[in-house]
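K.L.:
Structure provided below as structure tokens; questions to follow.
The values are calculated or read from the model by the stated rules, or taken from the named source; none is laboratory data. Predicted, not measured: the structure shown is a model, and the values here were computed from it. Cβ placement follows ideal geometry from the backbone for every residue including glycine, while neighbour counts extend to all protein chains displayed.
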Amino acid sequence: MQRTRPAALGAVALSLGIVLAGCGSGSSSGSGDTNTITVAYQRTAQFTQLDSVLKKAASEYEAANPGKKVKLTAIEAEQDQYFTKLALMNRSPSTAPDVIYEDSFQVRSDAAAGYLAPIDEQLAGWSDWSQFDDVAKQAGLGDDKKTYGVSMGTDTRALFYNKDIFAKAGLPTDWKPKTWDDVLSAARTIKQKAPGVTPINVYAGKAAGEATSMQGFEMLLYGTDSTLYDDSTQKWVTGSPGFKDSLSFYQTIFGEKLAPALDVALDATVGSRVATEMLPRGELAIALDGSWLPGQWIEGDNAWKGWEDTIGFAPMPTQNGQAPGSVSMSGGWLLSVGANAKDKNAAFDFIKVALNRDNSLKYDTENSQIAVRKDVASDEKYLSYNPSFEFFSSLVPTTHFRPATPDYSQISGNIQVAAESVATGSSTPDEAAKAYDEGLVGIVGQDKVQGG
Amino acid sequence: MGIFLVGPIGYALYGSLTNAALSGYRAVAPEFVGFDNYTQLFTSSQFWESVWLTLVFVVGSALIGQNVLGMALALLVRNGPKRLGPVVSSLVVTAWVLPEIVAAFTLYAFFATDGTLNEMLGWVGLDGPTWLITVPLLTVVLANVWRGTAFSMMVYSAALAEVPPDLTEAAEIDGAGWWQRFIRITLPMVRRAIATNMMLTTLQTLGVFTLIWVMTGGGPGTQSSTLPILAFQQAFKFAQVGYGTAIATVTLLVGALFAVVYVKVLKPEVDS
């Protein structure tokens, strides 16, 4: 027995320790040789467009640079786990990738953590850089005003609705809601007139990660008179009425069972299910979602013939219809050079190939991105590829960007907690907002917040 | 051996005294913050809720579920009909043989809203609830019982085989019924095995992560967030590695506490 005890304790220590050991920063000399470029990126069942662009770019790069190899390391995970895995890879030089597919909201944070290399020198020698618009250039900036990534495209968010279901429920098929109440009353009508159909999806679960913060909560909050972060004072906002109203919206749709059942809403795969199952099968009437959705319906495994006849788009209205009438959020992803890349110029050369005019065009069309290269945005092939481009590009004037501070990703986690706790009914909007405020102060400190 | 054991614990202890993060400035240069993480932890209602959930999970699935069911199965295999024994034990051991992740997926498929259980309830005309959402803790407790009982059964089978038959026979002649023989003779004889088994299953259950993570993800909300899930969420979801490490360290201490209690209460070394 005396022997069993420390051994058993050790087993617990080890099983817990494994998690922690992953965080240790290793100091080994690195695995890849300088002639191999490793590229870390995300691939899921519904997101294969990047995979195909990078494969094309890899073969083009290898053909143009004899002796060089590109090793594509696809991380098969939903967004939240992708960030975690990437952060863990980046913590040790022996596993850190050379080229990284990076979300724009993580750039500042990862640059501050020393995971990314500044690429200003390389950009200065790249004639294509002048083709990128200013917003795209902004997206790659770190706290130190150096550039840490090249934008692949941007996106906007709005309401998708199923015209067939709307017709069946006696609602207009050219729907233009003016306020949140218009959205809710349409959802209520659908619940009554089209039983069996889920009226509306607004992402609410922790497991959905950033989708809950951005496609869900922030699409509501930025349509109120409150905001998340005051740019002029550089302080985070606590106790704002808009924050509570946004949570009340969740309380309404989940309380009245207008939203998907919790087993779907809180599942990590809810994003894939909305895009590839619920909308195409006519099981969901309204979805608050991102401009990239139609990309997968046009071509590939999840192709959906005739989607453009079924799906309509409407801008997400502001809370009470206040100016400018509608709201959208924009993000987008970049390709960055890892700070531990052995040959940073080679890594950047690969990015140059991956985001040249042809490959940007391929990616922006197939993944329905809003193009950030001027030569792509004005290309006839781009403009005629997807009937939804015109609509989603028209949202750019009223779009918002997330507060790009190094703390944002942690704060976003707290937003998801608030949304989920209201959706499950375990907190009232007031309680959830209070818990968020406390968490926020814990993260940024009392001197970085202000009342709303 | 010492390095393997003490190394990770020491490193975890140090990590829990810093504000290390997964990204941002504090990823590259974590600061030493003393016991701040622990102060924050012990004043957090979420932590205490998690401690309570962990206790319910451990007591329900390990102490009661696995131990009692394991003992019952061991008795059944030993004293029940001859043919039944091998069938029951091979069925139970199958669950034990499955890797944790496979078992977790199996049970997720079983309890999911359109899963096996509700399908079977449908055959008899019942409309099953959304198990993983309405009773998340109960489903993970049942899952852990299903998966872990084989271990207890095997330990108790071995222990029961060591009980000298002449003792129970003597008691039987003295007029002791089945229950009395079990309470007065068998249980005291296998006390050491019980103590060891309780400790092993407790420590094993304290560390269960995959099963819960796959089945409920600790949710809905935090309704099935035991300490290991909370530690993972804080370290990787909220990027607070230092804080997460503090939770892991506390879990370790809880395990040590259980071990000490067992050793004191059941005094397995003294056999008199």
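K.L.:
So which pairs qualify, if the first residue must be in the stretch A:382-404 and over 23 Å from A:N359 (Cα atoms), the second must be of a type in the set (K, R) and surrounded by 19 or more Cβ atoms within 10 Å (Cβ to Cβ), the Cβ gap must be under 9 Å, and the two must be at least 6 apart or on different chains?
P.N.:
Qualifying pairs under 9 Å: A:L395/A:R157; A:T399/A:R157; A:A404/A:R108.
K.L.:
Checking A:S232 against (1) modelled with pLDDT of 95 or more; (2) assigned to a loop (DSSP other than H, G, I, E, B), only one condition comes out false. Which one?
P.N.:
Result: A:S232 passes all but (1).
K.L.:
Also, quick follow-up: Here are some conditions: (1) exposed (fewer than 14 other Cβ atoms within 10 Å of the Cβ); (2) part of a helix (DSSP H, G or I). B:T149 meets all but one. Which one does it not meet?
P.N.:
Status for B:T149: all satisfied but (1).
K.L.:
Sticking with this one: Does B:G217 fit the bill of being facing another protein chain (nearest Cβ under 8 Å) and assigned to a loop (DSSP other than H, G, I, E, B)?
P.N.:
yes
K.L.:
Next question, about the same structure. Name, by its number, the condition in (1) outside any helix (DSSP H, G or I); (2) modelled with pLDDT of 95 or more; (3) within 23 Å of the chain's Cα centre (by Cα); (4) not aliphatic (A, V, I, L, M) that does not hold for A:G205.
P.N.:
With (1) outside any helix (DSSP H, G or I); (2) modelled with pLDDT of 95 or more; (3) within 23 Å of the chain's Cα centre (by Cα); (4) not aliphatic (A, V, I, L, M) applied to A:G205, the lone miss is (2).
K.L.:
Could you count how many residues in the stretch B:237-253 are more than 7 Å from chain A (Cβ to nearest Cβ) and without any contact (Cβ under 8 Å) to a residue 60 or more places away in the chain?
P.N.:
Matching residues across the stretch B:237-253 total 2.
K.L.:
In the stretch A:349-363, which residue that is out of contact with any Lys or Arg (no Cβ under 7 Å at 6 or more places or on another chain) and surrounded by 24 or more Cβ atoms within 10 Å (Cβ to Cβ) is nearest to A:E299 (Cα to Cα)?
P.N.:
Of everything passing the filter in the stretch A:349-363, A:Y363 is nearest to A:E299 (Cα to Cα).
K.L.:
List the number of the failed condition for A:G149; all other conditions in (1) among the small types (G, A, S); (2) in contact with an Asp or Glu (Cβ under 8 Å, 6 or more places away or on another chain); (3) farther than 26 Å from A:Q322 by Cβ; (4) within 14 Å of chain B (Cβ to nearest Cβ) hold.
P.N.:
(4)
K.L.:
Answer yes or no: is there a residue in the stretch A:275-285 that is modelled with pLDDT of 90 or more, touching an Asp or Glu at 6+ places or on another chain (Cβ under 8 Å) and polar (S, T, N, Q). Please lay out each step first, then the result.
P.N.:
Taking the stretch A:275-285 as the starting set, the residues that turn out to be modelled with pLDDT of 90 or more are A:275-285.
Imposing the further condition that a residue be touching an Asp or Glu at 6+ places or on another chain (Cβ under 8 Å) reduces the set to A:275, A:277, A:282-283.
If we keep only those that are polar (S, T, N, Q) too, we end up with none.
Scanning the stretch A:275-285 turns up no residue that is modelled with pLDDT of 90 or more, touching an Asp or Glu at 6+ places or on another chain (Cβ under 8 Å) and polar (S, T, N, Q).
K.L.:
Going by the conditions given, is B:R184 surrounded by 16 or more Cβ atoms within 10 Å (Cβ to Cβ) and of a type in the set (K, R)?
P.N.:
Details: surrounded by 16 or more Cβ atoms within 10 Å (Cβ to Cβ): no; of a type in the set (K, R): yes.
In short, no.
K.L.:
Then there's this: If a residue has to be in contact with a Lys or Arg (Cβ under 9 Å, 6 or more places away or on another chain), among the polar types (S, T, N, Q) and farther than 20 Å from A:R108 by Cβ to count, how many in the stretch A:123-161 make the cut?
P.N.:
Looking only at that region, the number is 2.
K.L.:
Which residues, taken from the stretch A:155-197, are surrounded by fewer than 24 Cβ atoms within 10 Å (Cβ to Cβ), out of contact with any helix residue (DSSP H, G or I) (no Cβ under 7 Å at 6 or more places or on another chain) and among the β-branched types (V, I, T)?
P.N.:
Selection gives A:T179, A:T189.
K.L.:
Would you point out the residue of the stretch A:209-224, among those that are modelled with pLDDT of 95 or more and not in a helix (DSSP H, G or I), that is farthest from A:T399 (Cα to Cα)?
P.N.:
Of everything passing the filter in the stretch A:209-224, A:T224 is farthest from A:T399 (Cα to Cα).
K.L.:
Scan the stretch A:424-451 residue by residue and report those that are within 11 Å of A:T238 (Cβ to Cβ) and not polar (S, T, N, Q).
P.N.:
Result: A:A433, A:K434, A:Y436, A:D437, A:E438, A:G439, A:L440, A:V441, A:V444, A:K448, A:V449, A:G451.
K.L.:
Which one is farthest from A:K206 (Cα to Cα) among residues in the stretch B:185-214 that are facing another protein chain (nearest Cβ under 8 Å) and part of a helix (DSSP H, G or I)?
P.N.:
Residues of the stretch B:185-214 facing another protein chain (nearest Cβ under 8 Å): B:192, B:195-196, B:199-200, B:203-204, B:206-207, B:209.
Pick out the ones that are also part of a helix (DSSP H, G or I) and you get B:192, B:195-196, B:199-200, B:203-204, B:206.
Working: B:R192: 44, B:A195: 40, B:T196: 39, B:M199: 34, B:L200: 33, B:L203: 29, B:Q204: 27, B:L206: 24 Å.
Selected residue: B:R192.
K.L.:
Mind listing whichever residues of the stretch B:135-184 are closer than 30 Å to A:G425 by Cα, touching a helix residue (DSSP H, G or I) at 6+ places or on another chain (Cβ under 9 Å) and within 14 Å of another protein chain (Cβ to nearest Cβ)?
P.N.:
Listed by number, the residues that qualify are B:P136, B:L137, B:T139.
K.L.:
Still on this model: Yes or no: A:E366 surrounded by 17 or more Cβ atoms within 10 Å (Cβ to Cβ), within 13 Å of chain B (Cβ to nearest Cβ) and either in contact with a helix residue (DSSP H, G or I) (Cβ under 8 Å, 6 or more places away or on another chain) or modelled with pLDDT of 95 or more (or both)? Outline the logic, then answer.
P.N.:
Numbers: surrounded by 17 or more Cβ atoms within 10 Å (Cβ to Cβ): yes; within 13 Å of chain B (Cβ to nearest Cβ): no; either in contact with a helix residue (DSSP H, G or I) (Cβ under 8 Å, 6 or more places away or on another chain) or modelled with pLDDT of 95 or more (or both): yes.
So A:E366 does not fit the description; no.
K.L.:
Being farther than 26 Å from B:I183 by Cα and at pLDDT 90 or above is true for just one of B:L55, B:L91, B:L41. Which residue is that? Break it down into steps so the answer makes sense when it comes.
P.N.:
Values: B:L91 fails: at pLDDT 90 or above; B:L41 fails: at pLDDT 90 or above.
Of B:L55, B:L91, B:L41, the one residue that is farther than 26 Å from B:I183 by Cα and at pLDDT 90 or above is B:L55.
K.L.:
Check the stretch A:270-293 and report whether any residue there is among the small types (G, A, S), in contact (Cβ under 8 Å) with a residue 12 or more places away in the chain and within 14 Å of chain B (Cβ to nearest Cβ).
P.N.:
no
K.L.:
For the stretch A:108-133, give me the residue count where each residue is within 23 Å of A:D349 (Cβ to Cβ) and facing chain B (nearest Cβ under 10 Å).
P.N.:
Looking only at that region, the number is 4.
K.L.:
Might you check whether a residue that is modelled with pLDDT of 90 or more, among the hydroxyl-bearing types (S, T, Y) and surrounded by 14 or more Cβ atoms within 10 Å (Cβ to Cβ) occurs anywhere in the stretch A:9-32?
P.N.:
So far as the stretch A:9-32 goes, no, none of its residues is modelled with pLDDT of 90 or more, among the hydroxyl-bearing types (S, T, Y) and surrounded by 14 or more Cβ atoms within 10 Å (Cβ to Cβ).
Condition check ((1) under 18 Å from B:A239 (Cβ atoms); (2) in contact with a Cys (Cβ under 9 Å, 6 or more places away or on another chain); (3) modelled with pLDDT of 85 or more; (4) β-branched (V, I, T)) across all residues:
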| residue | (1), (2), (3), (4) |
| --- | --- |
| B:P8 | no, no, no, no |
| B:Y25 | yes, no, no, no |
| B:Q46 | yes, no, yes, no |
| B:G65 | no, no, yes, no |
| B:L73 | no, no, yes, no |
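K.L.:
Quick one: which helices (runs of 4 or more DSSP H) lie wholly within the stretch B:1-84 and hold at least 3 residues that are more than 9 Å from chain A (Cβ to nearest Cβ) and among the small types (G, A, S)?
P.N.:
B:67-79
K.L.:
Still on this structure, I have one more. I need the full set of residues from the stretch A:239-262 which are under 20 Å from A:A194 (Cβ atoms) and touching a Pro at 6+ places or on another chain (Cβ under 6 Å), in order please.
P.N.:
Selection gives A:L258 alone.
K.L.:
Counting only residues that are among the β-branched types (V, I, T), modelled with pLDDT of 90 or more and out of contact with any Phe, Trp or Tyr (no Cβ under 7 Å at 6 or more places or on another chain), how many does the stretch A:286-315 have?
P.N.:
Residues meeting the conditions: 1.
K.L.:
Is it fair to say A:D379 is in contact with a Leu (Cβ under 9 Å, 6 or more places away or on another chain), over 17 Å from A:L221 (Cβ atoms) and away from chain B (no Cβ under 14 Å)?
P.N.:
In short, yes.
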